[in-house]
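The values are calculated or read from the model by the stated rules, or taken from the named source; none is laboratory data. Bear in mind the structure is a predicted one, so any value in this text is a computation, not a measurement. Cβ placement follows ideal geometry from the backbone for every residue including glycine, while neighbour counts extend to all protein chains displayed.
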């Protein structure tokens, strides 16, 4: 099982309407992507971020389906320009020591297929974690 987490801090000056739209589009991922077993979106307290979203995925095949689903790419397109800080991370019970490398490969493939996404991610003031823009030179 994979718990894919996203930590979000919005830019100053984002309107309440934009916040509500961003949260709705994140919820839409959980409701419409078949690979998502369950999800949670909520406010973060006590940390450097404002919002968190967790998506529960069965395995790496489901992770790839999640990454490439139109609801996920629509969320990226809408939300990334609103963010000051973004961190993605993955928690798994998969004992395979190659798990992290496989996640990195899936992320590289996701970025390599979408130059506009690379532009949006590159424009973020802060982006860390498992979905941080990897070097696209390695084999995808």
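Take the conditions (1) touching a helix residue (DSSP H, G or I) at 6+ places or on another chain (Cβ under 9 Å); (2) touching a residue at least 40 places away in the same chain (Cβ under 8 Å); residue 118 misses just one of them, which is (2).
Okay, residues lined up against (1) farther than 24 Å from residue 115 by Cα; (2) assigned to a helix (DSSP H, G or I):
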| residue | (1), (2) |
| --- | --- |
| 7 | no, no |
| 19 | yes, yes |
| 24 | yes, yes |
| 29 | no, yes |
| 34 | yes, no |
| 45 | yes, no |
| 49 | yes, no |
| 62 | no, yes |
| 78 | no, yes |
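Taken as a whole, segment 100-117 holds at least one residue that is within 20 Å of residue 7 (Cβ to Cβ) and loosely packed, with under 15 Cβ neighbours inside 10 Å.
Conditions (1) in contact (Cβ under 8 Å) with a residue 60 or more places away in the chain; (2) surrounded by fewer than 14 Cβ atoms within 10 Å (Cβ to Cβ); (3) at positive phi, marked per residue:
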{"position": "33", "(1), (2), (3)": "no, no, no"}
{"position": "41", "(1), (2), (3)": "no, no, no"}
{"position": "47", "(1), (2), (3)": "no, yes, no"}
{"position": "57", "(1), (2), (3)": "no, no, no"}
{"position": "67", "(1), (2), (3)": "no, no, no"}
{"position": "75", "(1), (2), (3)": "no, no, no"}
{"position": "83", "(1), (2), (3)": "yes, no, no"}
{"position": "95", "(1), (2), (3)": "no, yes, no"}
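I'm checking my understanding of the structure. Among residues of segment 110-126 that are over 19 Å from residue 74 (Cβ atoms) and within 15 Å of the chain's Cα centre (by Cα), which one is modelled with the lowest pLDDT? Selected residue: 122.
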